[in-house]
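Down below is the structure, laid out as structure tokens.
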Amino acid sequence: MPVLLPPTASPGAIAVLADDPRRTELALDFWQQRPGATLWVLGSAPLQLATRRQLQRRGLSFDADRYRTLLDGDDTVGQLTALSRVFPPGERQLLLITDSAHRDRALTIARQAIGGRGVRVDTPPKALLPPPDQQESLRRLLRDFLRVQLWRATGWDGRALGLWLRAARS
């Protein structure tokens, strides 16, 4: 049974961090309720293909004006900063779909990366989101908040430094 969204003045945009098909199903529910909204699917090529299959199973047509894919970024900070670079300047609303454990961290990042451009970024209430596969840590939230601040100041999100430090410890 689809989850109902409250009505809005503008259809806005919906972005799904498509790592989990349950997230994508929820995003598709919301997208169907807002016929004028643009759906942004953030994730790798295999995740994009899985999303297309979900669209087909629902009998939804692929509308290039309302359906966008974004392959850039291989983690939440990378995906949301990449979305910020291509998000339409006139768009003022974004509904971000993730799971309940990832919600706070993803929302913090999105509000810094995209909300800083005058876009209102929200997520559905945690109770409507898919349950988590694992819990998020405060350390990850703080790390990614600092990474997005670095990106805002320099245009670089610092991910490569983290990979380098992890490799150096091994």
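Read the figures in this text as sums done on the coordinates, not as results from a lab. From a predicted model like this one, the values you see are computed outputs, not experimental measurements. A quick note on method: Cβ atoms are made from the backbone with ideal geometry, for glycine too, and the neighbour counts reach across all protein chains shown.
From helices alone, the chain scores -14500 deg cm²/dmol at 222 nm; the rule is -39500 (n - 2.57) for each run of n ≥ 4 DSSP H residues, then divide by the residue total.
Calculate the dipole size of the chain relative to its Cα centre from +1 charges on Lys and Arg beta carbons and -1 charges on Asp and Glu beta carbons; express the result in debye to the nearest 20. Let's see the in-between values first.
Numbers: 25 positive and 17 negative charges, 55 e Å.
Approximately 260 debye in magnitude.
Restricting the calculation to Cα atoms, every distinct pair contributes to the Kirkwood radius of the chain, found to be 16.5 Å. Shape analysis of the stretch 83-149 based on the Cα gyration tensor places the equivalent ellipsoid semi-axes at 21, 16, 8 Å, largest first.
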